[in-house]
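Here the structure is laid out as structure tokens; the discussion comes afterwards.
The values are calculated or read from the model by the stated rules, or taken from the named source; none is laboratory data. What you see is a predicted model; the values in this text were computed from it and never measured. Using ideal geometry, Cβ is built from the backbone for each residue, glycine included, and neighbour counts are taken over all protein chains shown.
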Amino acid sequence: MSERNERNEQPGRTTALVTGANKGIGYEIAAGLGALGWSVGVGARDTGRREAAVEKLRAAGFDVFGVPLDVADDGSVAAAAALVEERAGRLDVLVNNAGVTGGMPQQPTMVDPAVVRAVVETNVIGVIRVTNAMLPLLRRSASPRIVNMSSGVGSITRQSESADVSMTGPISAAYSPSKTFLNAVTVQYAKELRDTNILINAVCPGYTATDLNGFRGIRTPEQGAAIAIRLATVPADGPSGGFFEDAGVVPW
């Protein structure tokens, strides 16, 4: 059965979409939301990896569906929104998890501007593109939530005050600033949406072992997913426009 022709047999069930959900933290976020009994869209651009993730999640007993999605492509994002609408009629939770590092090293004095542009295209503009495409569906939800997967390396406070590479990451002219940019955009969305029931926050998964960092992290993807799941399920009086990690608020 094609992904577009699938139907959610329980239209009242909470529906979420996770971008970059075919592996790593995104996969574990999808699994965690699925464990809540939600219907979860597994967004990913690679067909084989997406289908493999969907098959594995279904084998674990979760209600998931594949969503072909390249966050850097307008047409792909529009098609993804149409697929979610056709399947569920609305969207309750959007987790913007897809991201790229752009490769290292990224010393500011040597970085190729094209690398910076490519990283921002996915990590920031991609989030804006997907969020805006999904907002009409989110507005149909009784308790819509948006979670943007950021990183503690996007904290200007930590970058300027700490020499601990585990806190700041390597010197980076593309990846770290893209997360700072994403944090700022998250705040602007929260300001615009403050008179609605849509709550939007940025989260840091911690130094998690994924292929994004060559599996050098000290946390598991499941541990890294926990904060996103927590912010995806905050009550109506929960925060909006914040930046959080497991230990609490991350300094800007």
### Message
Given the criteria of a type in the set (A, V, I, L, M, F, W, C), without any contact (Cβ under 8 Å) to a residue 40 or more places away in the chain and in contact with a Lys or Arg (Cβ under 7 Å, 6 or more places away or on another chain), does Val64 qualify?
### Response
yes
### Query
Looking at segment 1-18, which of its residues are at pLDDT 95 or above and either among the aromatic types (Phe, Trp, Tyr) or not in a strand (DSSP E or B) (or both)?
Thr14
### Query
Restricting attention to segment 51-70, and to residues there that are touching a strand residue (DSSP E or B) at 6+ places or on another chain (Cβ under 8 Å) and under 22 Å from Ile125 (Cβ atoms), which single residue is surrounded by the fewest Cβ atoms within 10 Å (Cβ to Cβ)?
Pro68
### Query
How many residues, within segment 86-110, are surrounded by 19 or more Cβ atoms within 10 Å (Cβ to Cβ) and out of contact with any helix residue (DSSP H, G or I) (no Cβ under 7 Å at 6 or more places or on another chain)?
3
### Task
Taking the options Ala21, Ala31, name whichever one is crowded, with 20+ Cβ neighbours inside 10 Å, in contact with a strand residue (DSSP E or B) (Cβ under 9 Å, 6 or more places away or on another chain) and in a loop (DSSP other than H, G, I, E, B).
Ala21
### Task
Count, please, the residues in segment 81-117 that happen to be within 25 Å of Ala16 (Cα to Cα) and over 15 Å from the mean Cα position of the chain (by Cα).
10
### Task
Go through (1) out of contact with any helix residue (DSSP H, G or I) (no Cβ under 8 Å at 6 or more places or on another chain); (2) at pLDDT 95 or above one by one and return the number of the condition Asp164 breaks.
(2)
#### Entry: Condition check for Val130: in a helix (DSSP H, G or I), within 21 Å of the chain's Cα centre (by Cα) and within 14 Å of Ala98 (Cβ to Cβ)
yes
### Message
With the structure loaded, tell me whether Arg117 is out of contact with any helix residue (DSSP H, G or I) (no Cβ under 7 Å at 6 or more places or on another chain), within 30 Å of Ser176 (Cβ to Cβ), among the basic types (Lys, Arg) and free of Cβ contacts under 8 Å to residues at least 12 places away in the same chain or whether it fails that test.
### Response
yes
### Query
Quick one: is Thr220 under 18 Å from the mean Cα position of the chain (by Cα), at pLDDT below 95, over 19 Å from Met104 (Cβ atoms) and among the β-branched types (Val, Ile, Thr)?
yes
### Task
Report yes if Val120 is within 22 Å of Ala30 (Cβ to Cβ) and either part of a helix (DSSP H, G or I) or touching a strand residue (DSSP E or B) at 6+ places or on another chain (Cβ under 8 Å) (or both), otherwise no.
no
### Task
Considering (1) surrounded by fewer than 14 Cβ atoms within 10 Å (Cβ to Cβ); (2) touching a Lys or Arg at 6+ places or on another chain (Cβ under 6 Å); (3) not basic (Lys, Arg), say which one Ser151 fails and leave the rest.
(1)
